[in-house]
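To start, the structure under review is shown below, and the notes come after it.
The values are calculated or read from the model by the stated rules, or taken from the named source; none is laboratory data. Not measured: the values here are computed from a predicted model. No Cβ is skipped: glycine too gets one built from the backbone with ideal geometry, and neighbour counts run over all protein chains shown.
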Amino acid sequence: MEMLNNHCGVTRDARGVVNVAICNAGSLNILGSPVIDGVREGLQKLATERSIRVVVLRGQSEKSMIGGADIKEMAKLDRKSAEAFIRRLRDLCEAVRQFPAPMIARLPGWCLGGGLEVAAACDFRIAAHDAHFGMPEVRVGIPSVIHAALLPRLIGWARARWLVMTAENIDAPTALAWGLVDKVAPAGGLDAEIEHLVKALLECGPEALRSQKALLRQWEELSLTESVNLSVKVFGESFLTDEPTRLMQAFVNRKR
């Protein structure tokens, strides 16, 4: 594993698939300030590499991708330091959400609080059969904030309200039924399920996928008319590369 810093390890393959591991953060991969900064810095460095096709975000252990934010650190915060802490976590979530290539959250075990916010900022979420999800913040005296705002867009207002106001955990089948995760892998099959998704993404044009991800991000915030009209320009720009001609011709040739 290549260590970009003490908390961000990377493995690569010849296909352009990069596994980003959150490292040296305890068995549950807890987000304290040094971990948050390390992972964000690693992702921002990787974001400049055009050869990356897919990123899989994972924890160093099988207990979680991210178990949550560091309660011990947060217990010592005051108003000023609390805002600095949550801005730091916001910036990590934005580094995930803004990453140019598709990003898959690999979700074994527990995914709570800030960990679920990071997962929500990913493009895809693949869960182990025994994974559990929750937003426990109100039980420790704070609201769920920053990228918890993505939850109503993913699962609807009623279910998002349930998660952030009851602080009750849900299991993997419930998360799938709610639309919080895209797939639940059978026992022992998490990496195989992720590889299936990776192969599907690698079948697509890499530039088209980058454009599609950027469009989806803008569609979240624009009106319907603005989204439709913006898309016209993006569609035209896709022909500035040879990707459409090359891939369409290959499709035509395959049909002959």
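Taking the condition of being more than 17 Å from the chain's Cα centre (by Cα) and not in a helix (DSSP H, G or I), how many residues in region 63-95 meet it?
The qualifying residues number 6.
Looking at (1) surrounded by 13 or more Cβ atoms within 10 Å (Cβ to Cβ); (2) within 20 Å of the chain's Cα centre (by Cα), can you tell me which one Glu220 breaks?
Every listed condition holds for Glu220 apart from (1).
So which residues in region 135-180 are more than 18 Å from Arg90 (Cα to Cα) and either modelled with pLDDT under 95 or small (Gly, Ala, Ser) (or both)?
Gly141, Gly156, Ala158, Ala160, Ala167, Ala172, Ala175, Ala177, Gly179
Only one of these is outside any strand (DSSP E or B) and surrounded by 14 or more Cβ atoms within 10 Å (Cβ to Cβ): Ala148, Ala158, Ala187. Name it.
Exactly one residue qualifies, and that residue is Ala148.
Determine which member of the set Val54, Val17, Val39, Val35 is touching a Gly at 6+ places or on another chain (Cβ under 8 Å) and among the β-branched types (Val, Ile, Thr).
Of the residues listed, the single one that is touching a Gly at 6+ places or on another chain (Cβ under 8 Å) and among the β-branched types (Val, Ile, Thr) is Val54.
Of the residues that make up region 211-219, is at least one more than 25 Å from Ser51 (Cα to Cα) and without any contact (Cβ under 8 Å) to a residue 12 or more places away in the chain?
There is at least one residue in region 211-219 that is more than 25 Å from Ser51 (Cα to Cα) and without any contact (Cβ under 8 Å) to a residue 12 or more places away in the chain.
Do we find a residue being at negative phi, among the small types (Gly, Ala, Ser) and in contact with a strand residue (DSSP E or B) (Cβ under 6 Å, 6 or more places away or on another chain) anywhere in region 195-206?
Among the residues of region 195-206, not one is at negative phi, among the small types (Gly, Ala, Ser) and in contact with a strand residue (DSSP E or B) (Cβ under 6 Å, 6 or more places away or on another chain), which makes the answer no.
Residue check, Ala105 against (1) hydrophobic (A, V, I, L, M, F, W, C); (2) closer than 17 Å to Ala167 by Cα; (3) in contact with a Phe, Trp or Tyr (Cβ under 8 Å, 6 or more places away or on another chain), all met but one. Which one?
Looking at each condition in turn, Ala105 falls short on (2).
If Leu224 satisfies every condition in (1) outside the structural domain of Lys63 (by TED's automatic domain parsing); (2) among the hydrophobic types (A, V, I, L, M, F, W, C); (3) in contact (Cβ under 8 Å) with a residue 24 or more places away in the chain but one, which is the exception?
Answer for Leu224: the failing condition is (3).
Please indicate, with yes or no, whether at least one residue in region 93-108 is touching a strand residue (DSSP E or B) at 6+ places or on another chain (Cβ under 6 Å) and closer than 17 Å to Trp178 by Cβ.
Yes - at least one qualifying residue is present in region 93-108.
So Thr48 clears everything in (1) within 22 Å of Asp191 (Cβ to Cβ); (2) part of a loop (DSSP other than H, G, I, E, B) except one condition, right? Which one?
Checking Thr48 against (1) within 22 Å of Asp191 (Cβ to Cβ); (2) part of a loop (DSSP other than H, G, I, E, B), the one that fails is (1).
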